[in-house]
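*Asks:* What follows is a structure written as structure tokens; I'll ask about it next.
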Amino acid sequence: DGGCRPQRLKHGGRRMDGILNVLQDAAFGSLRMLLYGFGPVFLVAFLMAMVSGLINRAAQASIGYKAFIYMTAPGTVVHELGHAVFCLLFRHKINEISLFKPEPDGTLGYVKHSYNAASIYQRVGNFYIATGPIWFGCVVVYLLSLLLIGTGLFSPVLNMSISAADLDTVGDAARLGGRFLENLLTPVGALFTAENAKDWKFWVFIYLTISIGIHMTLSPADMKGGWPGFLLLLVLILVFNLVIAVLDGIVPSVGAGGLRDGVQVMLTSVCLMFSGGILLIMSPALALMILIGVPMAIFRHRA
């Protein structure tokens, strides 16, 4: 009997190591999926919010709040449509909608919706409905570029090829980021040219892009409504990676790891595509911020 106990403990130790390895793989896979699949969009959206805030303050100080709100009304309309479109995609009921209705409390428009709390799909939808102005704004600007600028503006960002090898290590991901920024400089350079500056369609595109970009930021109400859906999305990602880690540990020949890599590449591709879109939208907004902000800063300094 005494000789059997160490053997049982040894097996128990191996089992515990196996469980820990599965949990570690699931946690690491989930972290990678979140970092590469959502991180860049959240980062550039945060930068966009900062730029938008600076433009808001500078423009309102120079032309007044009401004039600024009405001049950028197309952006408010696109913002609210972003919420509404994702309400429809995630089968929420739109109870009331106003695409542009400035109120004394600062509300410019709203979409009131309801959903079935028992539906996981609709609950996850809260995250995408809350962040809808970001995704929808990118799509609208892309369509505007096709109509007013040409088919090639977004191509370097949209046609980036990504493989699982690009995400293997932090170094690989950093090199992918460098390649992404190189591809982004091409359309930015192609946008601001002397030839485009002579075309009225370019200025219409710049005006609409700046209006949309300024209102692609999320309000406190948007963030509050999106958190429950985001947390549920985190749980689903963790469960997905846990299932993959278990299958990899029990039946490696199934190739579950390949499925996870495929999903990771797809999420990263979509994330970089929208990140590039936001950064392209930011470029005219940054130019406007410099044109407005620098003279105002000089004037205030002299005053």
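*Asks:* Kindly indicate whether Trp203 is of a type in the set (A, V, I, L, M, F, W, C), closer than 26 Å to Ala59 by Cβ and either surrounded by fewer than 15 Cβ atoms within 10 Å (Cβ to Cβ) or without any contact (Cβ under 8 Å) to a residue 60 or more places away in the chain (or both).
*Replies:* Numbers: of a type in the set (A, V, I, L, M, F, W, C): yes; closer than 26 Å to Ala59 by Cβ: yes; either surrounded by fewer than 15 Cβ atoms within 10 Å (Cβ to Cβ) or without any contact (Cβ under 8 Å) to a residue 60 or more places away in the chain (or both): yes.
Answer is yes for this residue.
*Asks:* Here is a follow-up. I'm trying to understand the selection: among the residues of region 128-147, which are open to solvent by less than 30 Å² (accessible area, probe 1.4 Å) and free of Cβ contacts under 8 Å to residues at least 60 places away in the same chain?
*Replies:* Selection gives Gly132 alone.
*Asks:* So Asn196 fits all but one of (1) within 21 Å of the chain's Cα centre (by Cα); (2) assigned to a helix (DSSP H, G or I); (3) at pLDDT 80 or above; what number is the exception?
*Replies:* Here Asn196 meets the rest and fails (1).
*Asks:* Pick out the one residue from Ala27, Ala45 that is modelled with pLDDT of 75 or more, among the small types (Gly, Ala, Ser) and open to solvent by 30 Å² or more (accessible area, probe 1.4 Å).
*Replies:* Details: Ala45 fails: open to solvent by 30 Å² or more (accessible area, probe 1.4 Å).
Step by step, each of Ala27, Ala45 is checked, and only Ala27 is modelled with pLDDT of 75 or more, among the small types (Gly, Ala, Ser) and open to solvent by 30 Å² or more (accessible area, probe 1.4 Å).
*Asks:* Can I ask one more? Of all residues in region 152-193, count the ones that are more than 20 Å from the chain's Cα centre (by Cα), within 22 Å of Leu286 (Cβ to Cβ), open to solvent by 50 Å² or more (accessible area, probe 1.4 Å) and of a type in the set (A, V, I, L, M).
*Replies:* Number satisfying all stated conditions: 1.
The values are calculated or read from the model by the stated rules, or taken from the named source; none is laboratory data. On a predicted model such as this, the values are computed, not experimentally measured, just so you know. Virtual Cβ from ideal backbone geometry, glycine too; neighbours counted across all protein chains shown. When the accessible area is computed, the model is the full protein with side chains, heavy atoms only, and any ligands, DNA or RNA have been set aside. Shrake-Rupley method; radii C 1.70, N 1.55, O 1.52, S 1.80 Å.
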